[in-house]
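Written out below as structure tokens is the structure these notes cover.
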Amino acid sequence: MKYKWLNKENNDKIILFFNGWGMDECVVKHLLADDYDILMFYDYNSLDTDFDFNVLNNYSNKYLVAWSMGVMTASLFDIQYTSKTAVNGTLKPIDDRFGIPKRIYNLTLKGFSPKGAERFIKSMYNDVTEYIYPQRDFENQKSELKALTHYNSNQDFKYDRIILSSDDKIIPTKNQVEFWGIEPNIKSGHAPFILLKKWSELL
């Protein structure tokens with residue numbers, strides 16, 4: 001697992017962002033940090049990381065924002081948060097009832113190609129004319145897609161806030177509704193960040 005500081009100004013508050021599969025900071029780089037330090041985790045080919053989690057002890061408040069596959073991945077790390085937000089993901093992200101149907105996921109993995117990666121990006125957004133592409137190596141994305149099938153989330157992990165899009169074509173909206181027991185609360189596709197201006201809107 002890799003990490004990258006998106007904002008590091010020695011603030012006393014930090015937002016930990018667990019990104020989605022295949023992504024980098026492209027989907028959130030426009031968001032204003034204000035008085036938060038922002039630390040992004042991504043690339044889940046392995047859950048090993050050289051990040052020193054003791055650094056988090058310097059912050060009086062730690063907030064989690066987890067998106068897509070990051071909702072599951074974040075649950076595997078024992079960090080005490082002030083609040084936890086899940087964005088368009090569940091703790092069972094590869095699941096016929098609560099996530100991406102297994103058949104669809106396996107077919108995606110089997111036939112994954114550069115064109116498939118491009119179609120995925122386009123499917124994340126609704127009603128946009130310009131797509132934001134991550135600067136990730138194709139083979140690295142493909143191996144991450146496979147690696148994610150081997151992780152099992154911590155089902156006892158509790159999120160405080162759920163952001164659920166009305167038209168998610170990646171993790172079907174109806175499956176997220178089934179998992180969380182709530183109705184969609186934002187009108188967007190899988191990547192709703194384009195509608196926001198600040199990180200604090202996600203807390």
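The values are calculated or read from the model by the stated rules, or taken from the named source; none is laboratory data. What you see is a predicted model; the values in this text were computed from it and never measured. Using ideal geometry, Cβ is built from the backbone for each residue, glycine included, and neighbour counts are taken over all protein chains shown.
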Kindly indicate whether THR73 is modelled with pLDDT of 95 or more, within 21 Å of TRP199 (Cα to Cα), in contact with a Leu (Cβ under 7 Å, 6 or more places away or on another chain) and of a type in the set (Val, Ile, Thr).
no
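So if I check each of ILE171, ILE182, which one is modelled with pLDDT of 95 or more and in contact with a Pro (Cβ under 7 Å, 6 or more places away or on another chain)? Explain how you work it out, then say what you get.
Working: ILE182 fails: in contact with a Pro (Cβ under 7 Å, 6 or more places away or on another chain).
Going through ILE171, ILE182 in turn, just one is modelled with pLDDT of 95 or more and in contact with a Pro (Cβ under 7 Å, 6 or more places away or on another chain): ILE171.
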Among residues of segment 31-40, those that are surrounded by fewer than 22 Cβ atoms within 10 Å (Cβ to Cβ) and either touching a Leu at 6+ places or on another chain (Cβ under 6 Å) or at pLDDT below 95 (or both), counted
1
Boolean, GLU130 is modelled with pLDDT of 95 or more, on the phi < 0 side of the Ramachandran plot and not β-branched (Val, Ile, Thr)
no
Pairs, please: C-beta under 8 Å, at least 6 apart or cross-chain, first residue among the small types (Gly, Ala, Ser) and in segment 109-136, second at pLDDT 90 or above and assigned to a loop (DSSP other than H, G, I, E, B)?
ALA117/GLY22; SER123/LYS169; SER123/ILE170; SER123/GLY189; SER123/HIS190
